[in-house]
Amino acid sequence: MDIYITRNGQRLGPYSLDEANINLRDGVIETSDLAWHAGLSDWVPLSEVPGIMAAPPPPPLRPQHPPPVPTGGQKVLNKSPVALPKKSDGHGNFTAKTFVSAVIVMIIYLLIHGCPSNKPMQFVNPVPGEKPIR
């Protein structure tokens with residue numbers, strides 16, 4: 001099927017259905033442009049031609065500059081689509097600070113109470129009959 005397009009008074013084509021879809025995807029033509037092919041009595045919007053794939057809408061334009069800073073009593077709302085991390089309440093995180101505190105407590109305990117045994121350490125010799133190694 002040969003498809004003819006009219007855009008701003010200019011006639012384009014003929015295009016095959018595949019060529020029309022490619023040009024639509026690339027932004028050369030738009031679904032609002034008028035189209036005609038054999039079998040039609042009048043020009044119709046390209047979007048009404050069977051087999052034409054509607055192009056996705058263009059992405060919304062993002063502002064190039066930040067909005068003005070609120071003044072006075074205006075309430076600022078967080079409209080960010082990204083979830084902000086929750087503030088930690090300090091529980092459940094084992095940190096270096098916690099480790100150092102535990103070591104200090106252990107040293108103070110050992111200074112106050114001494115070692116669990118006042119006997120000198122003895123090494124066991126794995127071979128029977130030999131003197132223990134010190």
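Please specify each residue of the range 31-51 satisfying the condition of being touching a residue at least 12 places away in the same chain (Cβ under 8 Å) and among the aliphatic types (A, V, I, L, M).
Across the range 31-51, the qualifying residues are L34, A35, A38, L46, V49.
For the range 3-11, check the following and say yes or no: at least one residue is more than 44 Å from the chain's Cα centre (by Cα) and not in a strand (DSSP E or B).
Checked against the condition, which is being more than 44 Å from the chain's Cα centre (by Cα) and not in a strand (DSSP E or B), the range 3-11 yields at least one hit.
Given A35, A96, A102, A55, which one is of a type in the set (A, V, I, L, M) and modelled with pLDDT under 65? Talk me through it step by step, then tell me what you get.
On the way: A35 fails: modelled with pLDDT under 65; A96 fails: modelled with pLDDT under 65; A102 fails: modelled with pLDDT under 65.
The unique qualifying residue is A55.
State whether one or more residues within the range 72-86 are at pLDDT 85 or above and on the phi < 0 side of the Ramachandran plot.
No - not one qualifying residue is present in the range 72-86.
Kindly list, by first and then second residue, each pair from a residue in the range 1-19 that is under 10 Å from W36 (Cβ atoms) and at pLDDT 90 or above to a residue that is surrounded by fewer than 13 Cβ atoms within 10 Å (Cβ to Cβ) and among the charged types (D, E, K, R), limited to pairs with Cβ atoms under 9 Å and residues at least 6 apart or on different chains.
Listed by first residue and then by second, the contacts come to Y4/R11; I5/R11.
The values are calculated or read from the model by the stated rules, or taken from the named source; none is laboratory data. Quantities reported herein were computed from a predicted structural model and do not represent experimental measurements. Note: ideal-geometry Cβ built from the backbone for every residue, glycine included; neighbour counts use all protein chains shown.
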